[in-house]
Amino acid sequence: MRKAIALDPKDGRSRSQAGALLLRVGQEKEGLVLLEEALRLDPKDTLAAFNAGQAYQNQHQWNLARQRFEAVVAANPDDWHAFAKLVQVSQALGNTPERDKRRQQVLALYRAGKTDARLDTFCREQFEVGANRVMVLEAFEMKGDRPRRYAFEVVGGRPGAEKMLRTLSLGSYASTEAAARSHGELGPGDHLFHLDGYYPDNSHETFAFFKNEPSYEDTRALVVQVLEGKLKPVSSTTFRR
């Protein structure tokens with residue numbers, strides 16, 4: 001790629017590809033230089049714009065990330081990945097109306113059959129709590145006997161050697177709701193949700209029950225409390241061979 005750039009200094013595509021490769025090996029600063037050069041040569045290069053947006057997001061340069069992802073969706077209104085990125089960036093900027101608007105656009109693309117048919121979730125936020133990174137997956141729709149609205153995947157460890165620590169999820173399971181109804185714990189219009197923790201060793205914890213679906217903000221706040229050790233489980237099970 002560097003040879004191609006040297007042979008044709010006006011070739012934006014070589015810069016775009018070289019920039020993407022540098023990002024993949026962790027050389028974001030150098031990669032961003034080439035991606036921005038590629039965009040100056042070809043402002044319609046959506047791949048360069050998306051990759052630059054991802055790099056800015058990694059660096060917590062939210063406004064620059066937003067500008068790059070907005071350029072992608074302006075050129076390609078069906079790019080659901082870029083819309084999902086705008087959901088994440090809007091959340092980081094604290095712009096809730098924009099976040100909700102972009103989320104609705106992601107869901108509209110799902111209903112139109114324009115998302116990846118192999119996936120039933122999209123990433124709506126990435127944030128850190130202490131030394132751990134949290135990636136939030138939201139289901140496109142609640143379906144099945146054990147549907148989960150959100151899965152907060154908690155990852156720890158040094159970059160390049162991260163491992164999954166646990167998953168905290170907001171779900172509504174048919175069997176759990178049936179048991180609650182049989183005990184008269186739910187009214188006619190109630191729909192049981194619960195916040196659970198799942199671990200790699202198959203152990204499980206339940207932290208809270210809700211008679212109706214809580215908002216994302218309320219769910220996120222409880223998850224942060226769990227990760228900070230401020231919210232303890234109301235029940236748990238441990239798997240032993």
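Every read-out reported here was derived from the displayed coordinates using simple, explicitly stated rules and does not represent laboratory data. Keep in mind the model is a prediction, meaning the values are calculated, not measured. We place every Cβ from the backbone using ideal geometry, glycine too, and count neighbours over all the protein chains shown.
Structure notes:
- Principal axis box of the range 121-237, alpha-carbon based, largest edge first, Å: 48, 28, 24
- Remark: the range 2-111 carries a charge dipole of roughly 140 debye about the Cα centre, counting +1 on each Lys and Arg Cβ and -1 on each Asp and Glu Cβ.
- The chain, helix-only ellipticity at 222 nm - DSSP H runs n ≥ 4, -39,500 (n - 2.57), divided by all residues, nearest 500: -14500 deg cm²/dmol
- Filter on LYS29/LYS114; LYS44/LYS143; LYS44/LYS85; LYS114/LYS143 - keep pairs with C-alpha separation over 28 Å: LYS29/LYS114; LYS44/LYS143
- Karplus-derived 3J(HN,Hα) values for the range 158-168, using 6.51 cos²θ - 1.76 cosθ + 1.60 with θ = phi - 60°, are 6, x, x, 9, 6, 9, 6, 8, 5, 10, 9 Hz; glycine and proline are entered as x.
- As a rough guide to protection, the peptides 14-22, 90-98 ranked by mean Cβ packing within 10 Å, highest first, stand as 14-22, 90-98.
- C-alpha long axis of helix 28-41 to longest principal axis of the chain, angle in °: 60 degrees
- Under a model in which nothing but the beta-carbon of Lys, Arg (+1) and Asp, Glu (-1) is charged, the chain shows a dipole of about 440 debye around its Cα centre.
- Full-extension gain in nm, LYS232 to TYR199, via 0.36 nm per residue minus C-alpha separation: 10.4 nm
- Rounded to 10°, Cα long-axis angle of helix 80-93 versus longest principal axis of the chain: 80 degrees
- Placed amide H near SER203: partners under 5 Å, 5+ positions off or other chain: PHE239
- Cα pair count fraction exceeding 34 Å, expressed as % - the chain: 27 percent
- Think of each Lys and Arg Cβ as +1 and each Asp and Glu Cβ as -1; about the Cα centre, that makes the dipole of the range 121-237 roughly 200 debye.
- Backbone HN-Hα couplings from phi across the range 186-192 [Karplus 6.51/-1.76/1.60, Hz, Gly and Pro as x]: 10, x, x, x, 7, 9, 6
- Diffusion of the range 2-111 by Stokes-Einstein, at 20 °C in a medium of 1.002 mPa s and with Rh set to the Kirkwood radius over alpha-carbon pairs, works out to 151 µm²/s.
- Leading residue at positive end of dipole, the chain (Cβ point charges), from ALA55, ALA179, VAL89: ALA55
- Phi angles across the range 132-145 convert, under the Karplus curve 6.51 cos²θ - 1.76 cosθ + 1.60 with θ = phi - 60°, into 3J(HN,Hα) values of 9, 9, 10, 10, 9, 9, 10, 6, 4, 7, 7, 8, x, 7 Hz, Gly and Pro given as x.
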